[in-house]
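The values are calculated or read from the model by the stated rules, or taken from the named source; none is laboratory data. Model, not experiment: these values are computed from the prediction. With ideal geometry, Cβ positions are generated from the backbone for all residues, glycine too; neighbour counts draw on all protein chains shown. The accessibility values were calculated without ligands, DNA or RNA, using every heavy atom of the protein model including side chains. Shrake-Rupley method; radii C 1.70, N 1.55, O 1.52, S 1.80 Å.
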Amino acid sequence: MRGVGKTVLLTQLRHHAEQRDWIVAHIEAGGEQSLRTLLGEALYEPLSDLDRPAAGRRLLKALKTALSFKASYDASGTWTFGVDLSTTPGGGADSGILSTDLKKIIKDVSLAAREEGVGLAILVDEAQELQDEELTTLAIVAQAAAQDDWPVLFALAGLPSLPQTLSEAKSYTERFQFTHVERLSDTDAREAIAKPASDESVTWSADALDHLVDASGRYPYFIQQFGQETWNHGEGTKIELSDAEYGVAAGRNQLDNGFFRARWDRATVTEKKYLRAMCPEGDFGIGSGEVANRLSKSVNSLGPVRANLIHKGLVYAPDHGIVAFTVPGMAAFIDRQME
Ligand SMILES: Nc1ncnc2c1ncn2[C@@H]1O[C@H](COP(=O)(O)OP(=O)(O)O)[C@@H](O)[C@H]1O
Ligand SMILES: [Mg+2]
């Protein structure tokens, strides 16, 4: 779901890789740009950081291949690396066939990384937004990388529909390991709230802590929001229940007016009816047949509504024939809205 900490995790992974001087391409799908363009642009900076007169053979080759990759999506733009590549072998990542070009650039860059004693990390956020062909291609390249032992790591973060999309995309997915990032455990939620405070010599009273953990449902985003409001409201070195109650109320208000409202306002009247019919099971998932029943419509006639809601990122399909909200607490928010 949204707000559980996927982006935070991916960013942490990037920091670890950068600390080890890896070549890192960290991209976010879902905008106007294709995977090809996103990856190409993300690779430019780390590659240009590496070029130098004494660059090794593999690195020179990777730079030359990167130039051809750039040319494959940007006819008018070129990159300049501060080295002469005229006699260097390489290139060929501009056939226009995504799997061919991606394989070539990732192979050459990862082998250059090995020459430098490091690895290549490809990190993709909002991966559920990739086109099917792009996702398939990543799976194909990951397979090739594993077979030929290129030092490359792929990490994709996305909504829970991602594993299914990936397995529909191609039969190469046994190369991927799936980890569900969910709400925090009770212990971790308490630590996330109390530790930053105790680092500043402030303690939370037990009932204040209980209240915040309960109200947040242990979702990182809500813990952050409620915790911040409570912190700003509290005074002295002890946070009391009344501070937490204030913080939760203020935080809810903020969520209602921002996080939830922004999503609700994106829905048309018809879509709102559909969303209402998903409550109260929506946080966990409900059959689209049951939603249709409640609206006295056929599943087929609601297909486009459902598709639009998925496209807008308001709901997703955790399983075949099931719909669920992408953000926790959405059902309760909708219940608070007037018709
Ligand atoms: N490990 C963490 N440490 C601190 N804050 C976190 C952590 N994980 C999540 N958060 C909080 O939750 C918010 C949402 O996290 P984010 O990574 O953007 O979620 P997602 O990408 O899953 O939608 C962050 O802005 C931050 O406030
Ligand atoms: Mg995110």
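Some points to look at:
- Accessible area of region 186-263 belonging to carbon and sulfur atoms, whole % at 1.4 Å probe: 44
- Selection among Val315, Ala142, Leu47 by position relative to the dipole of the chain gives Ala142 as farthest towards the positive end (Cβ unit charges, Cα centre).
- Modelled label reach - Ser205, point 7 Å along Cα→Cβ, region 237-280 residues with backbone N closer than 17 Å: 237-249
- Each peptide in 17-23, 76-82, 65-71 receives the mean, over its residues, of other Cβ atoms within 10 Å, and ordering these scores from highest gives 65-71, 17-23, 76-82.
- Neighbour net charge for Ser72 - beta-carbon separation under 12 angstrom, K R +1, D E -1: 0
- Between helix 35-50 and the chain there is an angle of about 60 degrees, using the helix long axis and the longest principal axis of the Cα atoms.
- Only the Cβ atoms of Lys and Arg (+1) and of Asp and Glu (-1) were treated as charged; on that basis the dipole of region 100-143 about its Cα centre amounts to roughly 340 debye.
- Semi-axes of the equivalent ellipsoid of region 186-263 are 20, 13, 10 Å, computed as sqrt(5λ) over the eigenvalues of the C-alpha gyration tensor in descending order.
- Debye equation applied to the C-alpha atoms of region 195-332, log10 I(q)/I(0) at 0.10, 0.14 Å⁻¹: -0.44, -0.69
- Look at the dipole of region 27-125 built from charges on Cβ: of Ser34, Trp79, Gly96, the Cα furthest out on the positive end belongs to Gly96.
- Entry comment: accessible area of the chain is 50 Å² per residue, from protein heavy atoms only and a probe of 1.4 Å.
- This model, with +1 at the C-beta of Lys and Arg and -1 at the C-beta of Asp and Glu, gives the chain a dipole about its Cα centre of some 920 debye.
- Share of carbon and sulfur in the accessible heavy-atom surface of region 6-175 [1.4 Å probe, %]: 46
- Other-chain or far-sequence residues with amide H under 5 Å of Glu28's (modelled H): Asp125
- By the Stokes-Einstein formula, at 0.890 mPa s and 25 °C, the chain with its Kirkwood radius over alpha-carbon pairs has D equal to 108 µm²/s.
- Rounded to 10°, Cα long-axis angle of helix 269-278 versus longest principal axis of the chain: 70
- Computed per residue of the chain from DSSP H runs no shorter than four, each worth -39500 (n - 2.57), the mean residue ellipticity at 222 nm is -17000 deg cm²/dmol.
- Relative contact order, whole percent, for the chain stands at 15, derived from Cα pairs under 8 Å and 6 or more residues apart.
- Between 0 and 90°, nearest 10: helix 132-148 axis offset from the chain longest Cα axis: 60
- Sorted peptide list for 195-203, 219-227, 272-280, 302-310, criterion being average Cβ within 10 angstrom, highest first: 219-227, 272-280, 302-310, 195-203
- Distance from the Cα centroid of region 116-144 to that of region 181-207 is 35 Å (rounded to whole angstrom).
- The Cα center of region 1-69 and the Cα center of region 277-292 differ in position by 40 Å.
- Placing +1 on the Cβ of every Lys and Arg and -1 on the Cβ of every Asp and Glu, with nothing else charged, gives region 6-175 a dipole about its Cα centre of roughly 560 debye.
- Under the Karplus curve 6.51 cos²θ - 1.76 cosθ + 1.60, θ = phi - 60°, whole-Hz ³J(HN,Hα) for region 319-336, x wherever Gly or Pro sits: 7, 4, x, 10, 10, 8, 5, 7, 10, x, x, 5, 4, 5, 4, 4, 4, 7
- Across the options Ala267, Val299, Gln337, the greatest Cα extent toward the positive end of the charge dipole of region 235-339 (unit charges at beta carbon of Lys, Arg, Asp, Glu) belongs to Val299.
- Summed side-chain charge close to Phe284 - residues other than Phe284 whose Cβ falls under 13 Å, Lys, Arg +1, Asp, Glu -1: -4
- For region 1-53: rounded, prolate or oblate by the Cα gyration tensor [a/c cutoff 1.5]: oblate
- For region 63-136: rounded, prolate or oblate by the Cα gyration tensor [a/c cutoff 1.5]: oblate
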